[in-house]
Amino acid sequence: EPEVTQTPSHQVTQMGQEVILRCVPISNHLYFYWYRQILGQKVEFLVSFYNNEISEKSEIFDDQFSVERPDGSNFTLKIRSTKLEDSAMYFCASSPDREVGQPQHFGDGTRLSIL
Amino acid sequence: AQKITQTQPGMFVQEKEAVTLDCTYDTSDQSYGLFWYKQPSSGEMIFLIYQGSYDEQNATEGRYSLNFQKARKSANLVISASQLGDSAMYFCAMREVSGGYNKLIFGAGTRLAVHP
């Protein structure tokens, strides 16, 4: 069964550094998402992306964050200047459409640790 | 107000027994979807089951079923014949039409422990 792939599985970065989290969504999916989960807390929506542009973003997704689909397969989340509070698990998800009943398929996540 | 409320931070069940995980939601939309995801200790998020607001039948998927009570705004997950591998965190989530069907809104989760 096709799956969403995220790399790396764990990223350790110094505070203030830039980090790029990478995702390969399922190949025929058109909608892409990033979520984050701070340790022990609920999963929170960051951003959704369709047709090479952001379709919705949350309050968390401020100017430090950006997303890009640099080619036909990758979908990246960049954090420009990381803060301690950015430490979390980041999940990429994709779906073929945005019908209400369409589940979003999640990757295994990237655990980001900011030192 | 919380959009998704899961009141049970932790539950335990004996192997082979059934267990119900509670979820209540808050929306003024007529069209919405409710989802359950499982998160094992390894961290991945696994889609389990979906219920649409207009669905008249409760959703079922193998050992998972959803007890959907629209008037009470509840969408409880029932796991029958629990297995040790069911031990995990379980999240209820909602997708609303007013949200453009873009984002999932998650509850805080329930940690289920299955005892032999």
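Within the range B:1-10, the residues that satisfy the criterion of being under 24 Å from A:Asp108 (Cα atoms) and in a strand (DSSP E or B) are B:Ile4, B:Gly10.
Of all the numbered requirements in (1) within 15 Å of B:Val19 (Cα to Cα); (2) free of Cβ contacts under 8 Å to residues at least 60 places away in the same chain; (3) within 14 Å of another protein chain (Cβ to nearest Cβ); (4) in contact with a Leu (Cβ under 7 Å, 6 or more places away or on another chain), B:Met89 misses one, and that requirement is (4). Considering only residues in the range B:33-43 that are open to solvent by 10 Å² or more (accessible area, probe 1.4 Å) and touching a residue at least 40 places away in the same chain (Cβ under 8 Å), the one that is farthest from B:Gln57 (Cα to Cα) turns out to be B:Ser41.
Checked against (1) out of contact with any helix residue (DSSP H, G or I) (no Cβ under 7 Å at 6 or more places or on another chain); (2) away from chain A (no Cβ under 13 Å), B:Pro116 passes all but a single condition, namely (1).
Hey, among A:Gly72, A:Gly40, which residue is within 11 Å of chain B (Cβ to nearest Cβ), open to solvent by 50 Å² or more (accessible area, probe 1.4 Å) and out of contact with any strand residue (DSSP E or B) (no Cβ under 9 Å at 6 or more places or on another chain)?
Working: A:Gly72 fails: within 11 Å of chain B (Cβ to nearest Cβ).
Checking each option against the conditions leaves just A:Gly40.
In this entry, A:Phe61 passes the filter for residues that are open to solvent by less than 40 Å² (accessible area, probe 1.4 Å) and assigned to a loop (DSSP other than H, G, I, E, B).
The values are calculated or read from the model by the stated rules, or taken from the named source; none is laboratory data. Just so it is clear, the model here is predicted, and its values are computed rather than measured. Note that we place each Cβ from the backbone using ideal geometry, even for glycine, and neighbour counts take in every protein chain shown. Quick note on the areas: whole protein, heavy atoms, side chains included, nothing else; ligands and nucleic acids left out. Shrake-Rupley method; radii C 1.70, N 1.55, O 1.52, S 1.80 Å.
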